[in-house]
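Report on one structure; see the data block that follows.
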Amino acid sequence: MFFKDESRHGVSIVDLYELVQHAGNILPRLYLLCTVGSVYIKSKEAPAKDVLKDLVEMCRGVQHPVRGLFLRSYLAQASRDKLLDLGSKYEGAEDTVMDAVEFVLQNFTEMNKLWVRMQHQGPVWVKEKLEKERSELRDLVGKNLHVLSQIEGVDLAIYRDTVLPRVLEQVVNCKDELAQYYLMDCIIQVFPDEYHLQTLETLLGACPQLQPTVDVKTVLSRLMARLSNYAASSVDVLPEFLQVEAFAKLSSAIGKVIEAQVDMPIVGAVALYVSLLTFTLHVHPERLDYVDHVLGACVKKLSGKPKLEDIRAKKQIVALLSAPLEKYNDIVTALTLSNYPHVMDCLDYETNKVMAMVIIQSAMKNNTRISTADKVEVLFELIKGLIKDLDETATDELDEEDFKEEQNYVARLIHMLYNDDSEEMLKIICAVRKHIMAGGSQRLPFTVPPLIFSALRLVRKLQDQDGNVVGEEEPATPKKVFQLLNETIEALSSVSSPELALRLYLQCAEAANDCDLEPVAYEFFTQAFILYEEEVADSKAQVTALHLIIGALQRMNVFGVENRDTLTHKATGHSAKLLKKPDQCRAVYACSHLFWVDDQDGIKDGERVLLCLKRALRIANAAQQIANATRGCSGPVSLFVEILNK
C-alpha cells in the first residue's frame, strides 16, 4: 500500500523502481525490487513481460540455496496474479501466454538448481539434516508447476511442445533422487489427465532415465491410478485410450524401467505389474489378451528364480492373481488366462494354498458353476496346493484346524462342478477323481464323499437309460459309474477310514437298488460286510456299523430270495456276536424288521420275526442275570420295553 500511494513517498513508480536498485545489501534490494516491480506492473506504465523478465534475471544475484529459494518463492507469489494469461488485464500482444510460461519455467529452473544444490552445503555428517530440510522446502519448487497448470492459456499444444519437455529436461538432468521423485509426482498430480494421456510417450520416456534409487514404481502407479479414474469418469474418453495405445506404451515403459533398474527388488517389479493389471482391468476389461500379457510379463520376470521368500512380494503376487477374480466375479474367466497357472507356480507352498483358497472362495461367493472337464482340469491345477502335497517337508507342520477348513472348502467346490449333459458330467467326475486320488490318506476322507455323492446324483439321472447301448463312444451308464465308485471307495477303505467307506458302500447299494441292479447292490453289501469283519474293531463302531447295514438292507427291494437270505443271515449272525449283551439284544430285534417289510410282496415271514424277538428276549434275560451277578441287583427293564414295542 505504501508503494502504491505516490503521495506518501513523492516519487513516481518508474523512479521508485530505479531507486530501490541502489539499496546496499543484495537480499533486501531484491525483495524490495520484487515488491515495487509488482506495483510497477499494476500501474501499466511498462509492459508486464519486460518487468517480469527483468525480475527473474535480477534474482540470479542470490545464489545461496535457502535464501535464493525463498526469494524466488516470494517472486512467484507476488507475480502470480500478474501473469499474462488469457483474459488478463495485463495482456498485450498474442504471444503473451508464452511469455508467462517462459517466466514461470525460468523461475522453476533456477529454483530447482538451488534446491538440488542444498545437499552440498555442509559437511558429510549433517547430510541427514540437510535432506530433511530439503524435503521440507520442496513445496516451494513444486508451486511453480502448480502455477503453470493454472494458466488458462496453456493448452495441450503448449504443454506438449514446451512445458513438459522443459520440465522433464530439468527432472532428468538434476540427477537427484529426491528432486526426481518429487517433481515427477508433481507433474502427475497438477496437470490434467487428458494432457497425460496425449503426452504419455514423452512422460514415460523419462522414467528409465531417472536415478536407479528413485521409487519409479510409486510414480508409475500413481500415473496409472489417475488414468484409470479418468477412464472411469466417462465412457466417451475410452476411445482416446485405444487411439494413443495407452496399454502398449505403459507396458513397454514398465519393461524398460525394470530393465534399467537392475537392482530393483522383485517386490517392486511385481508391484508395477499389479498397477498395470489394475489399470488394464479398469480401462480395457474386455481385453483378456491384455490381462494375460501382464501375467506373462510377470512370469518372465520371475522365471529362473527360486520360490519367492519375501513376504511383501508374495502379497503382491496374491494381489495380482486376485485382481481378475474381483473384477470379473467369475473364476471361469480366470481359467481362460494361459499364464495364470504359471504365476501361481512361482509361489511357495503356503502362499500357493492361500491363493487356492481365494480362488475357491471367489467361486463360492459368485456361485460359479464349472461345467466342462477341461475347465475342471485347469481349476484343479490351480488349487493343487490344497489337494496334494507340493512340499514334502511341510506335511509334518500342518495345523489340524486349518487343514480341515481347507479340505472342507475343496469338498464344497466339488459339489459346484456340474453339467446337465451326462457324458460331460462323467468326464468331470473322472477328472476330479484323478486329482483327489493323489491327495494322500489325510485328504481322502474329506474329498471322496462329495465326489461319491456327485456321482450318485449322475446315477439317478441315468436310471432310465439302457446300460447296454453302444455307440461310437461308450455312453455314460449307471454300471460304468458304479464301477468307478467301487474303485474309489476301495481306495478310501485302505487309508484307515473303514467306517466312512462302509457308509458310502451302503449309499451306493441304495442307489443300485433304485436302478434295479441286483448284482451291483449285492457287491456293495458284500464289500460293506468285509469291511465290518476285517477293519471295524471298536465295539461302539461295530454297533453303529451293524445298525447302518440293517437299516440299509431293510430298504432294499431289488434282491431275490437267495441273496436276501444270505445278507439277512449274515446281519443276524453278526448281531449275536457283539461284545455287550444290550447291544446284541438291540441288534437282534432290529433284524426282525428284515423279515417283515410292508411294501414288498413275499417278505412277511412271521415265524422268523418271532424267532428274532424270542432270541432278543433270551439275550435280555442273560443281560439281567449278568447285572444281578456283578452288581447285586437286577438290570434295567428297558430292553424288555423296547422288545415289547417291536
Practice task
Just subtract the alpha-carbon distance of A232 and T202 from 0.36 nm times their residue separation and send over the number in nm, one decimal.
Solution key: 8.5 nm
Practice task
Find, among the trypsin sites (Lys or Arg not before Pro) in the stretch 245-353, those assigned to loop by DSSP (not H, G, I, E, B) with at most 16 other beta-carbon atoms within 10 angstrom.
Solution key: R287, K307
Practice task
For the stretch 208-235 and the stretch 142-183, compute the distance between their C-alpha centroids and round to whole Å.
Solution key: 16
Exercise for the section: Determine how large the accessible area of V20 is when every protein chain is in place; take a 1.4 Å probe and give Å² rounded to the nearest 10. Expected result: 20
Handout entry: 1.4 Å probe accessible area per residue over the chain, in Å²
Key = 48
Practice task
Return the FRET efficiency for the residue pair K256, E562: r is the Cβ-Cβ distance, R0 is 60 Å, and the value is rounded to the nearest 0.05.
Solution key: 0.15
Handout entry: P(r), alpha carbons of the stretch 122-161 - 5 Å bins starting at zero, rounded %
Key = 6, 19, 16, 13, 12, 9, 9, 8, 7, 1
Handout entry: K175 accessible area, 1.4 Å probe, all protein chains in place, Å² to nearest 10
Key = 130
Handout entry: For the stretch 351-451, alpha-carbon Rg relative to the globular expectation (2.2 N^0.38 Å, N residues)
Key = 1.03
Handout entry: Fraction of accessible area attributable to carbon and sulfur, the stretch 473-600 (%, probe 1.4 Å)
Key = 47
Fill in the blank from the handout: In order over the stretch 179-196: 3J(HN,Hα) from phi, Karplus 6.51/-1.76/1.60, θ = phi - 60°, whole Hz, x for each Gly or Pro, gives 5, 5, 5, 5, 5, 4, 5, 4, 4, 5, 7, 8, 8, x, 4, 5, 5, 4
Practice task
Please report, as a whole percent, how much of the solvent-accessible surface of the stretch 220-266 comes from carbon and sulfur atoms (probe radius 1.4 Å).
Solution key: 53
Handout entry: Carbon/sulfur fraction of accessible area - the stretch 28-80, other protein chains in place, 1.4 Å, %
Key = 54
Practice task
Quote the accessible area belonging to E133 in square angstrom, nearest 10, computed with a 1.4 Å probe and with ligands, DNA and RNA left uncounted.
Solution key: 60
Handout entry: At q = 0.05, 0.11 Å⁻¹, base-10 log of I(q)/I(0) for the chain (Debye sum, equal scatterers on each alpha carbon)
Key = -0.48, -1.10
Handout entry: Compactness of the stretch 157-242 as Cα Rg over 2.2 N^0.38 Å, two decimals
Key = 1.09
Handout entry: Added length on full extension, which subtracts the Cα-Cα distance from 0.36 nm per residue, V190 to A319
Key = 43.5 nm
Exercise for the section: Before rounding to the nearest 500, sum -39500 (n - 2.57) across all DSSP H runs of length at least 4 in the chain and divide by the residue total; then give [θ] at 222 nm in deg cm²/dmol. Expected result: -22000 deg cm²/dmol
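The values are calculated or read from the model by the stated rules, or taken from the named source; none is laboratory data. What you see is a predicted model, and the numbers here were worked out from it, not measured in a lab. Counting neighbours? That spans all protein chains shown, and the Cβs are built from the backbone with ideal geometry, glycine included. To get the accessible areas, we keep the full protein, side chains included, count just its heavy atoms, and leave off ligands, DNA and RNA. Shrake-Rupley method; radii C 1.70, N 1.55, O 1.52, S 1.80 Å.
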